[in-house]
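The structure appears right after this line, and notes come after that.
The values are calculated or read from the model by the stated rules, or taken from the named source; none is laboratory data. Remember, predicted model here, so these are calculated numbers, not experimental data. So basically every Cβ, Gly included, is an ideal-geometry build from the backbone, and we count neighbours across all protein chains shown. Remember, those area values only see protein heavy atoms, side chains included, never the ligands or the DNA or RNA. Shrake-Rupley method; radii C 1.70, N 1.55, O 1.52, S 1.80 Å.
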Amino acid sequence: MLLFFSNIIDLPVTEVRKKATKLQSQYPEDLDGSFINECIHFHGYLKSFPRNVSPKSILELCKIIEDHNIADVYPYVDIALRMYLCCPVSNTSAERSFSVLKRVKSYLRSSMNDNRLNNLAILNIECEITKSISYNEVI
């Protein structure tokens with residue numbers, strides 16, 4: 001739903017209003033009622049940019065808000081954009097963690113308690129950091 005920001009410049013004002021209303025209704029605790037008007041005003045602000053300078057991605061929209069120091073003018077637009085950027089694209093990291101548990105807790109280690117299992121799983125997941133540790137210094 002936050003995806004409408006990626007082509008907000010090309011949308012007509014009525015479509016911006018409709019999509020902003022829908023987004024605000026999905027996140028009522030995060031986005032105030034003024035979010036809809038902010039989106040329409042932000043749409044007009046972005047239209048004032050030359051076509052060759054207009055933002056092409058959500059990250060560029062966030063950079064515009066930060067670079068032009070307009071987060072106070074569009075606080076809920078800023079919140080919505082940051083929510084979009086913070087959402088994971090997929091859940092592969094969680095799935096990867098569970099597959100690590102299969103390797104760590106094998107049949108021979110089935111009597112292991114939860115605390116030790118969690119610690120070993122973290123060591124396996126963060127293998128790059130684990131490989132960089134000097135065991136002589138730890139000992």
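Considering only protein heavy atoms, what is the solvent-accessible area of D67 at a probe of 1.4 Å, reported in Å² to the nearest 10?
My reading of the accessible area for D67 is about 120 Å².
Starting from the residue with the highest accessible area, list T130, T14, T21 in decreasing order, probe 1.4 Å.
Descending order: T14, T21, T130.
Of all GluC sites (Glu not before Pro) in region 1-74, which ones are in loop regions per DSSP and have a Cβ with at most 10 other Cβ atoms within 10 Å?
In loop regions of region 1-74 (DSSP not H, G, I, E or B), the sparsely surrounded GluC sites (Glu not before Pro) are E29.
Charges only on Cβ, +1 for Lys and Arg, -1 for Asp and Glu: so what's the dipole of region 1-48 about the Cα centre, in debye to the nearest 20?
The dipole magnitude comes to about 220 debye.
Given a 1.4 Å probe and every protein chain left where it sits, what share in percent of the accessible area of region 1-88 is carbon and sulfur?
Here carbon and sulfur together make up 53 percent of the probe-accessible area.
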